[in-house]
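*Asks:* Have a look at this one.
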Amino acid sequence: MDVQSAFRIAPATPADVPQVLAMIEGLAEYEKLRHLCIATEASLHAALFGRHPAAEVVLGWEGQTAAAFALFFHNFSTFLGRRGLYLEDLFVRPAFRGRGYGRALLVHLAQIAVARGCGRFEWAVLDWNSTAIGFYESLGATVLPDWRITRVTGEALERLAATPVDGSAEPPERA
């Protein structure tokens, strides 16, 4: 199948939120992390289309079927003094793999990064996913061996947030 004629990429709309959630759940299954996936249509709608959107999504369509998605947002490099584009997740539904759709989404996001003046386009990859690592390297990506993702979530985040920063007994007010 010719990717140029059969596949199109478009920004997600509010009506696409159920498709996006289904693919997020599919990704969670693939990564064996389904038990951590608590996103809902409501939370995605607020994050993507609310008053202060936190991220953007593009969908890859084959005909009328959402075949793939990429969720991304801007970060910032203090060393470059410029914003970057961070790919949080990219997923191609199993029935649509091997058609170049993942590559097409990465190229599309690289084009967005360049058009927006970003100094970097980056993402994380699971260390066991050697197929993805090889693919990313074939595109010119560098896997940074000295960096590890650090995360605070759930109760640990609540405890950290409740820690006084200035010796006072009260944490700052929530917005």
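The values are calculated or read from the model by the stated rules, or taken from the named source; none is laboratory data. Because the structure is predicted, anything quoted here is derived from the model rather than measured. FYI the Cβ positions are ideal-geometry reconstructions off the backbone, even for glycines, and counts take in every protein chain you see. Please note that ligands, DNA and RNA were not included when accessible areas were found on the heavy atoms of the full protein model with its side chains. Shrake-Rupley method; radii C 1.70, N 1.55, O 1.52, S 1.80 Å.
*Asks:* Check whether at least one residue in segment 76-84 is open to solvent by less than 40 Å² (accessible area, probe 1.4 Å) and of a type in the set (A, V, I, L, M, F, W, C), and report yes or no.
*Replies:* no
*Asks:* Still on this structure, I have one more. Quick one: in segment 91-107, of everything that is within 14 Å of the chain's Cα centre (by Cα) and in contact (Cβ under 8 Å) with a residue 40 or more places away in the chain, which residue is farthest from THR78 (Cα to Cα)?
*Replies:* Across segment 91-107, the extreme among qualifying residues is PHE91.
*Asks:* Among the residues of segment 150-157, are any assigned to a helix (DSSP H, G or I), modelled with pLDDT under 95 and exposed (fewer than 13 other Cβ atoms within 10 Å of the Cβ)?
*Replies:* Looking for residues that are assigned to a helix (DSSP H, G or I), modelled with pLDDT under 95 and exposed (fewer than 13 other Cβ atoms within 10 Å of the Cβ), one finds at least one in segment 150-157, hence yes.
*Asks:* Let me ask something else. Mind counting the residues in segment 27-59 that are open to solvent by 20 Å² or more (accessible area, probe 1.4 Å), small (Gly, Ala, Ser) and either closer than 24 Å to GLY102 by Cα or part of a helix (DSSP H, G or I) (or both)?
*Replies:* So the answer is 6.
*Asks:* What is the number of the single condition among (1) within 27 Å of GLY81 (Cβ to Cβ); (2) outside any helix (DSSP H, G or I); (3) free of Cβ contacts under 8 Å to residues at least 24 places away in the same chain; (4) open to solvent by less than 70 Å² (accessible area, probe 1.4 Å) that LEU144 does not meet?
*Replies:* All conditions pass for LEU144, except number (4).
*Asks:* A further question on this structure: Out of all the residues in segment 95-139, which are within 20 Å of GLY26 (Cα to Cα), open to solvent by less than 70 Å² (accessible area, probe 1.4 Å) and not in a helix (DSSP H, G or I)?
*Replies:* Passing the criteria: GLY100, TRP123, ALA124, VAL125, LEU126, ASN129.
*Asks:* Now a separate question. Quick one: how many residues across segment 110-138 are more than 18 Å from the chain's Cα centre (by Cα) and more than 14 Å from PHE72 (Cβ to Cβ)?
*Replies:* Total satisfying the criteria: 7.
*Asks:* For segment 148-165, enumerate the residues that are under 18 Å from CYS37 (Cα atoms) and not small (Gly, Ala, Ser).
*Replies:* ARG151, VAL152, THR153, GLU155, LEU157
*Asks:* Further question: Answer with yes or no whether GLU88 is open to solvent by 80 Å² or more (accessible area, probe 1.4 Å), in a helix (DSSP H, G or I) and modelled with pLDDT of 95 or more.
*Replies:* It is false that GLU88 is open to solvent by 80 Å² or more (accessible area, probe 1.4 Å), in a helix (DSSP H, G or I) and modelled with pLDDT of 95 or more.
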